[in-house]
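Trainee: Supplied in structure tokens, the structure appears directly below.
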Amino acid sequence: KKIVLATGNQGKLREFAQLLAPLKIEIVSQADLDVIEAEETGLSFVENAIIKARNACHQTGLAAIADDSGIEVDALRGAPGIYSSCYAGSSASDEENVAALLSALKDVPASERSARFQCVIVFMRHAEDPTPLIFQGSWQGQIMTEALGEGGFGYDPIFFVPETDCSAAELSSEQKHAISHRGQAMRQFIEEFPYSRHQ
Ligand code: ITT
């Protein structure tokens with residue numbers, strides 16, 4: 001079985017490859033199939049994940065997995081949320097987004113810096129699939145006052161993980177997957193994946 005990963009985010013691709021390794025399915029990234037990325041016009045993680053999966057199915061004729069994720073900061077009333085990848089502007093780098101979030105929270109005390117990562121994973125068998133599989137995970141933490149660690153991607157260097165008393169970027173990928181929003185959603189996906197029983 002060949003499945004297209006409907007993401008252009010290198011950090012997600014790396015994590016997907018690690019998380020899906022046990023399934024022994026053939027995974028190709030949509031960039032390798034020249035898929036033109038869809039515009040994310042949805043107003044929820046679920047809608048955006050469906051838009052991305054459907055777009056990849058449509059252009060490749062393959063089944064697709066998409067991930068829509070982001071970080072919700074309580075002091076910003078849930079922002080940046082579904083707009084996390086463009087918090088510092090439409091083609092912002094991870095570093096620019098991190099800097100923008102640190103600056104937005106510069107006067108916010110430690111006790112009010114709670115935040116959570118959200119992840120929605122959608123699996124669609126084909127572009128007209130009327131019952132996409134949808135999985136969700138969330139990961140509670142705090143926004144730090146400076147970046148720490150070299151691992152992970154995105155907002156990981158400023159996401160304090162209470163369980164491990166360090167930033168998400170200081171965790172090994174195995175440690176991160178064991179507790180992260182994406183790890184939670186992916187484990188549910190693997191449980192339900194229609195082909196995993198036949199391996
Ligand atoms: P695709 O849509 O192509 O998958 P994207 O980067 O645009 O890539 P999203 O719209 O889902 O993806 O945006 C996700 C944002 O949330 C992006 O800024 C990520 O850096 C951030 N994010 C998601 N998961 C994360 C994680 O595990 N660690 C750190 N940041 C994360």
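Trainee: Do you know which residues across the range 111-133 are free of Cβ contacts under 8 Å to residues at least 24 places away in the same chain and of a type in the set (Gly, Ala, Ser)?
Mentor: Residues of the range 111-133 that are free of Cβ contacts under 8 Å to residues at least 24 places away in the same chain, as a first pass: 111, 128, 130-131.
Across the range 111-133, the qualifying residue is only Ser111.
Trainee: Regarding the range 138-149, can at least one residue be identified that is part of a helix (DSSP H, G or I), under 25 Å from Ser91 (Cα atoms) and modelled with pLDDT of 95 or more? It would help to see each step written out before you state the result.
Mentor: Filtering the range 138-149 down to residues part of a helix (DSSP H, G or I) leaves none.
Scanning the range 138-149, I find no residue that is part of a helix (DSSP H, G or I), under 25 Å from Ser91 (Cα atoms) and modelled with pLDDT of 95 or more, so the answer is no.
Trainee: Please tell me if Met124 is more than 14 Å from the ligand (Cβ to nearest atom), surrounded by 16 or more Cβ atoms within 10 Å (Cβ to Cβ) and at pLDDT 95 or above.
Mentor: Numbers: more than 14 Å from the ligand (Cβ to nearest atom): yes; surrounded by 16 or more Cβ atoms within 10 Å (Cβ to Cβ): yes; at pLDDT 95 or above: yes.
For Met124, the condition - more than 14 Å from the ligand (Cβ to nearest atom), surrounded by 16 or more Cβ atoms within 10 Å (Cβ to Cβ) and at pLDDT 95 or above - is met.
Trainee: Here's something else I'd like to know. Regarding Ala92, is this residue part of a loop (DSSP other than H, G, I, E, B) and either surrounded by fewer than 22 Cβ atoms within 10 Å (Cβ to Cβ) or basic (Lys, Arg) (or both)?
Mentor: Details: part of a loop (DSSP other than H, G, I, E, B): yes; either surrounded by fewer than 22 Cβ atoms within 10 Å (Cβ to Cβ) or basic (Lys, Arg) (or both): yes.
Judged against the criteria, Ala92 is a match.
Trainee: Look at the range 128-147 and say how many of its residues are away from the ligand (no atom under 15 Å from the Cβ) and of a type in the set (A, V, I, L, M).
Mentor: Qualifying residue count for the region: 1.
Trainee: Quick one: would you say Asp74 is buried (at least 17 other Cβ atoms within 10 Å of the Cβ), touching a residue at least 24 places away in the same chain (Cβ under 8 Å), out of contact with any Cys (no Cβ under 9 Å at 6 or more places or on another chain) and closer than 22 Å to His181 by Cα? Talk me through it step by step, then tell me what you get.
Mentor: Details: buried (at least 17 other Cβ atoms within 10 Å of the Cβ): no; touching a residue at least 24 places away in the same chain (Cβ under 8 Å): yes; out of contact with any Cys (no Cβ under 9 Å at 6 or more places or on another chain): yes; closer than 22 Å to His181 by Cα: yes.
For Asp74, the condition - buried (at least 17 other Cβ atoms within 10 Å of the Cβ), touching a residue at least 24 places away in the same chain (Cβ under 8 Å), out of contact with any Cys (no Cβ under 9 Å at 6 or more places or on another chain) and closer than 22 Å to His181 by Cα - is not met.
Trainee: Only one residue in Leu20, Leu13 is within 14 Å of the ligand (Cβ to nearest atom), surrounded by fewer than 22 Cβ atoms within 10 Å (Cβ to Cβ), of a type in the set (A, V, I, L, M) and within 21 Å of Ser173 (Cβ to Cβ). Which one?
Mentor: Values: Leu20 fails: within 14 Å of the ligand (Cβ to nearest atom).
Of Leu20, Leu13, the one residue that is within 14 Å of the ligand (Cβ to nearest atom), surrounded by fewer than 22 Cβ atoms within 10 Å (Cβ to Cβ), of a type in the set (A, V, I, L, M) and within 21 Å of Ser173 (Cβ to Cβ) is Leu13.
Trainee: Let me ask something else about it. Search the range 23-45 for residues being exposed (fewer than 14 other Cβ atoms within 10 Å of the Cβ) and hydroxyl-bearing (Ser, Thr, Tyr), and hand back the single one that is farthest from the chain's Cα centre (by Cα).
Mentor: In this case the residue turns out to be Thr41.
Trainee: When the range 148-194 is examined, which residues are found to be surrounded by fewer than 20 Cβ atoms within 10 Å (Cβ to Cβ) and near the ligand (Cβ under 9 Å from one of its atoms)?
Mentor: Hit for the range 148-194 is Phe153, nothing else.
Trainee: Can I ask one more? Counting just the residues of the range 13-51 that are over 21 Å from Ala79 (Cβ atoms) and of a type in the set (D, E, K, R), which one comes out modelled with the lowest pLDDT?
Mentor: Lys24
Trainee: List pairs: first residue in the range 32-46 and without any contact (Cβ under 8 Å) to a residue 40 or more places away in the chain and under 18 Å from Ser90 (Cβ atoms), second residue within 12 Å of the ligand (Cβ to nearest atom) and basic (Lys, Arg) anywhere in the structure, Cβ distance under 8 angstrom, at least six positions apart or on different chains.
Mentor: These pairs meet every condition: Glu37/Lys52; Ala38/Lys52.
Trainee: Restricting the search to the range 30-52, which residues are within 10 Å of the ligand (Cβ to nearest atom) and not in a loop (DSSP other than H, G, I, E, B)?
Mentor: Gln30, Ala31, Phe45, Asn48, Ala49, Ile51, Lys52
Trainee: Continuing with the same structure: Could we say that Glu15 is closer than 21 Å to Ile134 by Cα and not in a helix (DSSP H, G or I) here?
Mentor: no
Trainee: Tell me the residue from Ser69, Ser85, Ser91 that is within 14 Å of the ligand (Cβ to nearest atom), among the hydroxyl-bearing types (Ser, Thr, Tyr), under 15 Å from Ala185 (Cβ atoms) and out of contact with any Leu (no Cβ under 8 Å at 6 or more places or on another chain), please. So that I can check it myself, show each step before the final result.
Mentor: On the way: Ser85 fails: under 15 Å from Ala185 (Cβ atoms); Ser91 fails: under 15 Å from Ala185 (Cβ atoms).
Among Ser69, Ser85, Ser91, only Ser69 is within 14 Å of the ligand (Cβ to nearest atom), among the hydroxyl-bearing types (Ser, Thr, Tyr), under 15 Å from Ala185 (Cβ atoms) and out of contact with any Leu (no Cβ under 8 Å at 6 or more places or on another chain).
The values are calculated or read from the model by the stated rules, or taken from the named source; none is laboratory data. Given the structure is predicted, the values throughout are model-derived calculations rather than measurements. A quick note on method: Cβ atoms are made from the backbone with ideal geometry, for glycine too, and the neighbour counts reach across all protein chains shown.
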